[in-house]
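Structure record follows, encoded as structure tokens.
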């Protein structure tokens, strides 16, 4: 492909000898040769007893690191992904290295304005408002002890339980005074539904089976749970009175009518945002289909790796590692990468489309706009300027993002 540049470099003579010396110095402290203290052997003795070939791998790594910048300068391109490095040959006299650099491929824009896409009209129905208000009331509902009756869907059953597998107590399968919301699907299938209709003080035996996607040692195994209901709690919906609106704490909302108006506006804002996203996605999809670009597999793989790292960070914020997630879901990393590949290609195409529009339209961003974006974001998220810029890639990152937005506006307004 035209955007691939291969640079071959030979490191030989004194330069290669220096790389071997550095490789030996790196290994020396851990070398133990009979007749010498650990780390005290000379290079000459080491080579005689072990062989110079044992230094080649580290020496090649050193040569690659030292020659990378000069190779990139010779290629004279802006990298689109991490370069590949191949050691073609290596012996005591020289090392031949092949750097493969890939730049952004050539993009030929097609039609990207007047694409015939209509934005969806937004309308909020009365039923939606009522449904949202019901959610608010549920959130503010008071949980009280259920004086009469049995366990129902939506109740919280306070339970003692013991689990048994193969007649033995299940490790980690015992609890006391555990508050379980019926219908929350917190426990394995059949556990919560098996308590519906139970009274306070009643003990039930639930013969269940661990699901296929459970831990390796327990999946598909039969399990017996002995469960005693100690207490039943139910949610009591609040009345829409003065106390309710004071507890709600929304400025300007002090009646059913003002709450409905507030909820309607929030729903309209949400729907407008969703409609905008859908409209832009459809425009970008058509515009990227109209352009011509050949994307290297290496660029796609690099984007997939970037997505994996982003997902890793998202999981870590929830206290879960990527490895734990893969284990819990029974997913292989390679399968995850395969699933992400179509999205990675779409992201790359969208980025190349917008960058090409920026170039064609010679889009620029005023410094005042950059400063305003930084100031507004810092105020919105309550963070310092330096911390924000570090997160978004500095002022250049902000400038790039504003240019992309301008390119999207051209597609929308064209």
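Bin width 10 Å, alpha-carbon pairs only: give the P(r) of the range 329-411 as whole percents, running from 0 to the bin holding the largest distance. Calculated over all Cα pairs of the range 329-411, the distribution is 16, 33, 28, 20, 4 percent. May I ask you to derive the relative contact order of the range 257-412, considering only C-alpha pairs under 8 Å and at least 6 residues apart, and to give it as an integer percent? About 25 percent, as a whole number.
Let me check against my output: what whole-number percent is the relative contact order of the chain, with C-alpha pairs under 8 Å and at least 6 apart? Kindly include the intermediate steps, with their values, before the conclusion.
On the way: 519 pairs, mean separation 64.4, N = 414.
Result for the chain is 16 percent.
For the range 23-151, a Kirkwood radius taken over Cα pairs fed into Stokes-Einstein (10 °C, viscosity 1.306 mPa s) yields D = 69 µm²/s. Calculated on the Cα set of the chain, radius of gyration then Dmax: 32.2, 93 Å.
Stokes-Einstein diffusion for the range 173-280, with the hydrodynamic radius set to the Kirkwood value over Cα pairs and evaluated at 37 °C in a medium of 0.692 mPa s, equals 176 µm²/s. Report, to the nearest 10°, how far helix 256-290 tilts away from the longest principal axis of the Cα atoms in the chain, using its own Cα long axis and a range of 0 to 90°. Value to nearest ten degrees: 30.
In terms of packing, defined here as the mean over residues of other Cβ atoms within 10 angstrom, the peptides 137-146, 52-61 line up highest first as 52-61, 137-146. Measuring between their Cα centroids, the range 184-242 and the range 86-124 lie 51 Å from each other. Shape analysis of the range 256-413 based on the Cα gyration tensor places the equivalent ellipsoid semi-axes at 28, 26, 21 Å, largest first. Compute a Gaussian network model of the chain, connecting alpha carbons closer than 10 Å, and tell me which residue from 50, 320, 223 fluctuates the most. Of 50, 320, 223, the Gaussian network model singles out 50 as fluctuating most.
Ranked for footprinting exposure by Cβ neighbours inside 10 Å, fewest first, 237, 404 give 237, 404. Angle of helix 367-381 to the longest C-alpha principal axis of the chain, folded into 0 to 90 degrees and rounded to 10: 50°.
Please tell me the relative contact order of the range 4-102 in percent, rounded to the nearest whole number, where contacts are Cα pairs under 8 Å and at least six residues apart. 44 percent. Start at zero, step by 5 Å, and the Cα-Cα distances of the range 211-260 spread as 4, 14, 14, 8, 6, 7, 8, 6, 9, 14, 9, 1 percent across the bins. So what's the angle, to the nearest 10 degrees on a 0 to 90 scale, between helix 297-317 and the longest Cα principal axis of the chain? Between the helix axis and the principal axis of the chain, the angle is about 40 degrees.
Across q = 0.25 Å⁻¹, the range 142-236 modelled as identical point scatterers on its alpha-carbon atoms has Debye log10 I(q)/I(0) values of -1.32, in the order of the q list.
Ordered by the number of other Cβ atoms lying within 10 Å of each residue's own Cβ, fewest first, 205, 395 fall into the sequence 205, 395. Between the C-alpha center of the range 296-353 and that of the range 58-84 there is a gap of 26 Å. Fewest neighbouring Cβ atoms within 10 Å first, the residues 151, 365 line up as 365, 151.
The numbers here are math on the coordinates, done by the rules we state, and not lab data. Quantities reported herein were computed from a predicted structural model and do not represent experimental measurements. With ideal geometry, Cβ positions are generated from the backbone for all residues, glycine too; neighbour counts draw on all protein chains shown.
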